[in-house]
Amino acid sequence: MLDKPWFAPKLLSTNYACSGSDLYDRVLVDAECTHDGSLAHVQKYERWGWEHLDTQVVNNNRSQSVPILQSQLLENGWRMLKPGGVLVYSTCSLSRFQNEYVLGGFLSRHAENEALVEVIPLLQNQVAASPIWQPSCAEEWVGLEQHRGVFARMKCAVRLDPRVSNTSGMFIARIRKLSDVQTTFDVEDIAPLKLET
């Protein structure tokens, strides 16, 4: 199925996989999330009713399905990116499961010579960004030990914490495609980091 949004200069595929015939220099994946970093969004539930907050934000099924959807959106955006191009992955969530775990799952599928998380020039010295979440003690590393290198690779991603940055809560990662390795993954393999037990 093909759609042409009003803002797009050409048709965009709504299918999960990209044919590879139209690749882009820049891709923005402003992923669906639970919006828990957006105070304005959470305040809407005062009008809509707090029972909707349960189904849209804190519901266990949604909190498990959203990071999988985000991982698939990120992977599809990557497939549509030219070598040398830049993809920006962002959410308005503060959940590490929707941010660092999704980015970590992506980086675990794409080698260092393929994907590089870069510093975001616009945010340098402009906004008080917080470091990304990563395990800080032995207990938090349990089940994640094999991903230490992945966490090191994502150090340039940023969190905007409302308490520090005077913004809504956000997560932003700028990822450069260094090479065009055509790797095909089964849909069930496109997922966030998993805790190993």
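Just a few scattered comments:
- Segment 180-197, residues that are modelled with pLDDT of 75 or more and open to solvent by less than 80 Å² (accessible area, probe 1.4 Å): Asp180, Val181, Phe185, Val187, Ile190, Ala191, Pro192, Leu193
- In segment 125-197, counting only helices (runs of 4 or more DSSP H) that sit wholly within it, the ones holding 1 or more residues that are among the acidic types (Asp, Glu) span 138-141.
- Residue match in segment 157-173 (condition: under 18 Å from the mean Cα position of the chain (by Cα), of a type in the set (Val, Ile, Thr) and closer than 15 Å to Gln70 by Cβ): yes
- Condition broken by Trp133, with the remaining ones in (1) closer than 16 Å to Gln98 by Cα; (2) in contact with a Gly (Cβ under 9 Å, 6 or more places away or on another chain) satisfied: (2)
- Verdict on Val88 being over 20 Å from Tyr24 (Cβ atoms), modelled with pLDDT of 90 or more and either outside any loop (DSSP other than H, G, I, E, B) or in contact with a Leu (Cβ under 7 Å, 6 or more places away or on another chain) (or both): no
The values are calculated or read from the model by the stated rules, or taken from the named source; none is laboratory data. Predicted model only: the values in this text are computed from it and were never measured. Methodologically, a virtual Cβ is constructed for each residue, glycine included, from the backbone with ideal geometry; neighbour enumeration extends over all protein chains shown. When the accessible area is computed, the model is the full protein with side chains, heavy atoms only, and any ligands, DNA or RNA have been set aside. Shrake-Rupley method; radii C 1.70, N 1.55, O 1.52, S 1.80 Å.
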